[in-house]
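S.K.: A single structure is presented below for examination.
The values are calculated or read from the model by the stated rules, or taken from the named source; none is laboratory data. Computed from a predicted model, the values in this text were never measured in an experiment. Note that we place each Cβ from the backbone using ideal geometry, even for glycine, and neighbour counts take in every protein chain shown. Quick note on the areas: whole protein, heavy atoms, side chains included, nothing else; ligands and nucleic acids left out. Shrake-Rupley method; radii C 1.70, N 1.55, O 1.52, S 1.80 Å.
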Amino acid sequence: MRKVYANAEKALEGITFDGMTVMAGGFGLCGIPENLITALRDSGATGITAISNNAGVDDFGLGLLLQTRQIKKMISSYVGENKEFERQYLNGELELEFNPQGTLAERCRAGGAGIPGFYTKTGVGTLIAEGKEHKDFNGETYIMETGLVADVSLVKAWKGDKEGNLIYRKTARNFNPMMATAGKITVVEVEELVEVGELDPDQIHTPGIFVQRIIQSKDLEKRIEKVTTRAKGE
């Protein structure tokens with residue numbers, strides 16, 4: 001099966017629909033599949049449930065889909081950088097399912113591994129635990145969390161070959177490997193696309209078996225959310 005597509009729009013053709021669930025890799029703006037997110041916005045799909053650590057910023061990343069009201073629900077860990085997200089949530093226009101960050105990562109990993117649920121101590125005794133099954137193990141109380149699976153996972157990697165084998169770079173690795181395994185269809189954008197056999201097998205983070213479609217990124221911005229520098233002379 002040919003996995004390489006000419007651009008983000010072609011890579012999403014035929015797989016977006018109203019009411020879909022989408023996973024989007026990244027942490028803040030680091031390692032986000034920015035071209036694919038823009039193409040998802042342009043697809044016109046509405047009523048989206050978005051699973052992502054956060055919601056980008058107001059004019060970039062998933063924030064673009066919040067601007068156009070295409071997202072119905074966010075399953076997230078941190079949303080503090082997006083004023084439009086805050087406005088929609090406080091006005092009852094957006095559903096939100098908060099997760100501790102490690103729990104969100106494990107829910108994605110579990111979904112990709114075919115694990116429907118698991119127990120964790122994180123969140124016991126807090127609002128996170130309300131309505132969830134509790135169980136004691138060795139005298140400690142745990143709550144059950146469910147694995148997450150998406151209709152489409154949008155992933156960003158540093159290098160990939162034409163079979164979809166992927167290598168992530170440093171912090172941009174974040175949620176991307178787990179989400180790559182948890183999509184019914186996984187679409188990846190890479191900064192460098194190489195021929196099969198050029199990647200060192202020992203360096204591959206995500207095997208190509210998990211990837212259905214791949215593009216080479218174009219016009220990358222690589223924004224920084226908050227630039228912090230020292231004053232001259234310090």
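S.K.: Which of the numbered conditions does ARG169 fail, given that it passes all the others? Conditions: (1) open to solvent by 70 Å² or more (accessible area, probe 1.4 Å); (2) more than 18 Å from the chain's Cα centre (by Cα); (3) closer than 20 Å to LEU220 by Cα.
M.R.: In the conditions (1) open to solvent by 70 Å² or more (accessible area, probe 1.4 Å); (2) more than 18 Å from the chain's Cα centre (by Cα); (3) closer than 20 Å to LEU220 by Cα, ARG169 misses (2) alone.
S.K.: Now for a different question. What is the residue count in the range 74-93 for residues that are under 17 Å from THR49 (Cβ atoms) and within 14 Å of the chain's Cα centre (by Cα)?
M.R.: 5
S.K.: Picking from LYS232, LYS170, which residue would you name as being free of Cβ contacts under 8 Å to residues at least 40 places away in the same chain and over 17 Å from GLY25 (Cβ atoms)? Can you show your working first?
M.R.: On the way: LYS170 fails: over 17 Å from GLY25 (Cβ atoms).
Testing whether each residue is free of Cβ contacts under 8 Å to residues at least 40 places away in the same chain and over 17 Å from GLY25 (Cβ atoms) leaves just LYS232.
S.K.: Something else now. Inspect all residues belonging to the range 175-185 and state whether any of them is open to solvent by 20 Å² or more (accessible area, probe 1.4 Å) and either farther than 25 Å from ALA110 by Cβ or free of Cβ contacts under 8 Å to residues at least 12 places away in the same chain (or both). Walk me through how you get there before you give the answer.
M.R.: Taking the range 175-185 and keeping what is open to solvent by 20 Å² or more (accessible area, probe 1.4 Å), we get 177-178, 181, 184-185.
In the following step, the residues that additionally are either farther than 25 Å from ALA110 by Cβ or free of Cβ contacts under 8 Å to residues at least 12 places away in the same chain (or both) were identified as none.
No, the conditions are met nowhere in the range 175-185.
S.K.: Going through the range 206-234 one residue at a time, which ones are touching a Leu at 6+ places or on another chain (Cβ under 9 Å) and more than 17 Å from ILE32 (Cα to Cα)?
M.R.: Scanning the range 206-234 gives PRO207, GLY208, PHE210.
S.K.: From the list GLY125, GLY131, which residue is open to solvent by 50 Å² or more (accessible area, probe 1.4 Å), under 28 Å from LEU66 (Cβ atoms) and either in a helix (DSSP H, G or I) or not hydrophobic (A, V, I, L, M, F, W, C) (or both)? Show your work before the answer.
M.R.: Details: GLY125 fails: under 28 Å from LEU66 (Cβ atoms).
Step by step, each of GLY125, GLY131 is checked, and only GLY131 is open to solvent by 50 Å² or more (accessible area, probe 1.4 Å), under 28 Å from LEU66 (Cβ atoms) and either in a helix (DSSP H, G or I) or not hydrophobic (A, V, I, L, M, F, W, C) (or both).
S.K.: Sticking with this one: Given the conditions (1) out of contact with any Ser or Thr (no Cβ under 7 Å at 6 or more places or on another chain); (2) open to solvent by less than 60 Å² (accessible area, probe 1.4 Å); (3) in a helix (DSSP H, G or I), which single one is not true for ALA231?
M.R.: That leaves (3) as the condition not met.
S.K.: Among the residues of the range 213-222, write down those that are open to solvent by less than 80 Å² (accessible area, probe 1.4 Å) and of a type in the set (D, E, K, R).
M.R.: Answer for the range 213-222, where residues must be open to solvent by less than 80 Å² (accessible area, probe 1.4 Å) and of a type in the set (D, E, K, R): just ARG213.
S.K.: If THR186 passes every condition in (1) of a type in the set (Val, Ile, Thr); (2) at pLDDT below 95; (3) touching a helix residue (DSSP H, G or I) at 6+ places or on another chain (Cβ under 7 Å) but one, which one does it miss?
M.R.: (2)
S.K.: Are any of the residues in the range 1-19 of a type in the set (Val, Ile, Thr) and open to solvent by less than 10 Å² (accessible area, probe 1.4 Å)?
M.R.: Filtering the range 1-19 down to residues of a type in the set (Val, Ile, Thr) leaves 4, 15-16.
If we keep only those that are open to solvent by less than 10 Å² (accessible area, probe 1.4 Å) as well, we get none.
Checked the range 1-19: no residue is of a type in the set (Val, Ile, Thr) and open to solvent by less than 10 Å² (accessible area, probe 1.4 Å).
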